[in-house]
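Note sheet for the following structure.
Computed from the coordinates by the stated procedures, all read-outs in this text should not be read as laboratory data. Keep in mind that this is a model prediction, so the values were computed, not measured. Note that each Cβ is placed from the backbone with ideal geometry, even for glycine, and that neighbours are counted across all protein chains shown.
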Amino acid sequence: MFHVKHNYDVIIIGGGHAGCEAALASSRMGCRTLLMALNLDKIALMPCNPAIGGIGKGQLVREIDALGGEMGKLIDASLIQIKVLNRSKGPAVQSLRAQADKKIYERNMRKSLESELLLDLKEAEAESLITSTNGIEGIATVTGEKYLALTVIIATGTFLKGRIVVGDITFPAGRVGELPSNHLSGSLIKCGLELNRFQSATPARISAKSIVLSKLILQPGDKEPLAFSFASERKIHKQRPCYLTYTNKKTKEVVEKYLHLSPIKTGLVKGKGPRYCPSIDRKIINFPDKVKHPVFIEPEGWHTDEMYLQGLTSSMPVDIQAKIIQTIPGLEDAKIIRPGYAVAYDYLIPEQLKLSLETKAIPGLFTA
């Protein structure tokens, strides 16, 4: 039987980047706010690329900062490398990008959230929306709790009926090692909202000890005072280098040889995925005449052996991922720590949203 725990002004479902910023903005505006997440130990986790900013996202970080958000300040406090991209080009396409120590970023965001007096954190799974003819009224959890609010923000990321794919293996998860949100999608559909499926993917992480650095192109950070946030001190940071290498003819041959095992070909992965972050198998499909694709090797923190392979996303079988990686100069003996994978999940079709991201059908229900 449901029982009312608390009344709030705003409830946010999901503790990723969007959910955390929404919770901070709401509470700092004087609203009693609840941030609900499946696992509070994973608040602001960076499960894919360990970076903030860049050509597509750098401007957004600045805009969030101008509106009083936290991301710019946190990346300045947790970065392990920072640089201006496209320095040789005009200012319109230059952009600031920083590599993060993922654990420090996550810990600092949790500290920021817990410092807000009007913000409560709750570990729970939202099961259903509570609505009336006037719009949203709150949410109910799978454990029978009811939380009331006239504004609810859904920021669930990859967790709405999330399903992971590695080769021919598929299992329910929002990301590896974490359960998905399996109930909320049904409630959204019952409320008259249309959902579709989207998919994203992440590359393998390899051991730095297994890399031959002498075969890679050093990619250092900038040696000048830089910062994302106007509130941060501009200073020269201690930094870790990144590295650059490239795929080659042998890489292409291995991908082509095992392409029939790719989830893209078997049908386990449907849709095109992110436009600007295609997997290596999709690159070979879409650009059959191109052999040389850049692979940036990026550390995931100050005190970790794990290296992220930007540009080598794949959800092919793990043994095939290893074969592909080991065709690349400097990575011939690379050891995979975590395999790459794809994740498919539900999302609201955007034509159902106002410009404010409020749903047209249910007043007070927003997405982020």
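One table, with the values for the structure above:
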{"quantity": "Per-residue Cβ neighbour rank within 10 angstrom, fewest leading, 184, 357", "calculated": "357, 184"}
{"quantity": "Rounded Å value of the spacing that divides the Cα centres of region 1-64 and region 255-298", "calculated": "32 Å"}
{"quantity": "Packing-based exposure ordering (other Cβ within 10 Å, fewest first) of 151, 170", "calculated": "170, 151"}
{"quantity": "Residue 114-residue 304 FRET efficiency (beta carbon distance; Förster radius 25 Å; 0.05 resolution)", "calculated": "0.50"}
{"quantity": "Using a Förster distance of 51 Å, the FRET efficiency for residue 238-residue 132 (Cβ separation, nearest 0.05)", "calculated": "0.40"}
{"quantity": "Antiparallel bridges, percent of DSSP beta bridges restricted to the chain (to nearest 5)", "calculated": "70 percent"}
{"quantity": "Footprinting exposure proxy for 366, 198, 171 (fewest neighbouring C-beta atoms within 10 Å first)", "calculated": "171, 198, 366"}
{"quantity": "Above-threshold pairs, the threshold being 32 Å between Cα atoms, out of 161/283; 89/161; 190/283; 111/265", "calculated": "89/161; 190/283; 111/265"}
{"quantity": "Region 300-355-region 205-254 distance, computed between alpha-carbon centres (Å)", "calculated": "16 Å"}
{"quantity": "Highest average packing first - 216-226, 90-100, Cβ atoms within 10 Å", "calculated": "90-100, 216-226"}
{"quantity": "Sum of -39500 (n - 2.57) over DSSP H runs of 4+, divided by residues of the chain (222 nm, nearest 500)", "calculated": "-6000 deg cm²/dmol"}
{"quantity": "Set of region 43-65 residues, backbone N closer than 19 Å to the point 7 Å along the Cα-Cβ line of residue 142", "calculated": "43"}
{"quantity": "Rel. contact order, % - alpha carbon contacts under 8 angstrom, at least six apart, the chain", "calculated": "21 percent"}
